[in-house]
Amino acid sequence: MNPTEMTSYLPFGRHPFLIALLSSHPSSPSKEHLHLHHPQPQRSKGPFYTQVPHLFVPPTILRIARPLFRVFAPTRPTTTPRLFSISATMGKERVAIIGSGNWGSVAARIAAQNTLEHSDVFEKDVPMWVFQEQVDGRNLTDIINEKHENVKYLPGIKFPENVIANSDLVDTVKDATLLVIVIPHQARLPSPMTLQTLKGKVNPNARAVSLIKGVEVKGSEIHIFAQVIERELGIRCSALSGANIASEIGLEKFSETSIGYTDPDDGKIFKKLFDRSYFRVQTIEDVAGVSLCGALKNIVAIAAGLNDGLEWGDNTKAAIMRIGLMEMKQFCQEFFPGTKDATFTEQSAGVADLITTCLGGRNRKVAAAFAKTGKSFDELEKELLNGQRLQGTLTAHEIYEYLEHKGRVDAYPLFRTVYEISYKNLPPKQLTARL
């Protein structure tokens, strides 16, 4: 009997060290020296006395191996066993993308490039959850998997072949150890695109990164979406945000992003997943700052777009951006103590993202059309965004609601004004009246 077969009788299994030990030791037992016995039932003194055959080996081997029993022997389970495969808790990381819009498709494309390049770290395939839609009479998932292109939300840009579209949310995350969550925050509740659907369905050892732009407000309470994900799924969550217009990144034009983390290992693994020569990743221990910058800058972008629609010029726009940055920083540090100054000035998630969003992006575009045409934001969202969602107006509403509960509305005049133009019929020309 060879050492590997011999160790199969041991309660702690085929550990490589013991296989080597049994192979090399001069007193290794031959087949005829083996003695199998069953332990007596009353000897339930620990994990070594189980109702399985044990291997009797020479005393010399036991003296060397016995200290390892305490290290490698399994303990009796105290909870219901998890219904996840061993491969999901050991070895390479398995990535799953939750979301397939413009930004979600770009995130999947980058991640798939890196899982191929770093095959020692990641499993190759990258499942991407797609909310099923019909495009020219066909399922969008079928089109993506056949053409390797999201023809609706990222047309003209090819995916690596290891991106696999899947309309089954639970199946998409099966055994995943790294979850990339990139859905519009309007879609979290109560639609099928909900984190609640995934409760109890994700690997409890998984880690997540949120690319969601927004906040959750309930009365006088506010949470970033990394916190919402941690609460709903019971796993640790980082945040990714930066000066990232998705269509430009899809074309591999150079850009930067920021990942905020609480655990340095999470920052390292998500940087490994997303860092490319055209998409440089910075990390910072500031999940709240990175998340909030990604949400609040959309309010400022609405103001910048109104300025463009009114044709007030660059000086006014620069003033709006400066005031907006100050209100962003003030809000973060007032309500999320510990947010770092460096996030605003040194990270892509801060001033760089604000500049990009106020020069381009969907919020600026729709707000400019609102000021020019007088059409509602809802109408313009449908006309201009091809199924994407406008985020700045909703975030303005949520932030106003929160500030009202806190009695702090007047401390944030730009945020207040954007809310009142969006929801209270304040004329766009009143944009700078309180600034």
If I filter the stretch 362-383 for residues that are open to solvent by less than 40 Å² (accessible area, probe 1.4 Å) and not in a helix (DSSP H, G or I), do I get at least one hit?
no
Answer from Ile259, Ile249, Ile235, Ile229 - the residue that is open to solvent by less than 10 Å² (accessible area, probe 1.4 Å), touching a residue at least 12 places away in the same chain (Cβ under 8 Å), β-branched (Val, Ile, Thr) and touching a Leu at 6+ places or on another chain (Cβ under 6 Å):
Ile259
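Look at Ile181 and say whether it is open to solvent by less than 10 Å² (accessible area, probe 1.4 Å), in contact with a helix residue (DSSP H, G or I) (Cβ under 7 Å, 6 or more places away or on another chain) and modelled with pLDDT of 95 or more.
On the way: open to solvent by less than 10 Å² (accessible area, probe 1.4 Å): yes; in contact with a helix residue (DSSP H, G or I) (Cβ under 7 Å, 6 or more places away or on another chain): yes; modelled with pLDDT of 95 or more: yes.
In short, yes.
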Would you please list the contacts, defined by Cβ atoms under 8 Å and residues six or more apart or on different chains, that run from a residue in the stretch 151-170 that is at positive phi to a residue that is open to solvent by 20 Å² or more (accessible area, probe 1.4 Å)?
Gly156/Glu149
Among the residues in the stretch 285-296, are any touching a His at 6+ places or on another chain (Cβ under 8 Å), open to solvent by 60 Å² or more (accessible area, probe 1.4 Å) and at pLDDT 95 or above?
no
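Yes or no, residue by residue, for (1) out of contact with any Gly (no Cβ under 6 Å at 6 or more places or on another chain); (2) part of a helix (DSSP H, G or I); (3) at positive phi:
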position	(1), (2), (3)
Lys317	yes, yes, no
Met321	yes, yes, no
Leu325	yes, yes, no
Met328	yes, yes, no
Phe331	yes, yes, no
Pro337	yes, no, no
Thr343	no, yes, no
Ala352	yes, yes, no
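Looking at this structure, is Ser119 at pLDDT 95 or above, hydroxyl-bearing (Ser, Thr, Tyr), open to solvent by 10 Å² or more (accessible area, probe 1.4 Å) and touching a Lys or Arg at 6+ places or on another chain (Cβ under 9 Å)? Give the derivation first.
Values: at pLDDT 95 or above: yes; hydroxyl-bearing (Ser, Thr, Tyr): yes; open to solvent by 10 Å² or more (accessible area, probe 1.4 Å): yes; touching a Lys or Arg at 6+ places or on another chain (Cβ under 9 Å): yes.
Judged against the criteria, Ser119 is a match.
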Pairs returned, first residue in the stretch 424-435 that is surrounded by fewer than 16 Cβ atoms within 10 Å (Cβ to Cβ), second residue that is among the β-branched types (Val, Ile, Thr), beta-carbon separation under 6 angstrom, 6 or more apart or interchain, are Arg434/Thr417; Leu435/Ile323
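The values are calculated or read from the model by the stated rules, or taken from the named source; none is laboratory data. Fair warning: this is a prediction, and the values are worked out from it, not measured in the lab. Virtual Cβ from ideal backbone geometry, glycine too; neighbours counted across all protein chains shown. Each accessible area value is taken on the protein alone, full model and side chains, heavy atoms only, with ligands, DNA and RNA left out. Shrake-Rupley method; radii C 1.70, N 1.55, O 1.52, S 1.80 Å.
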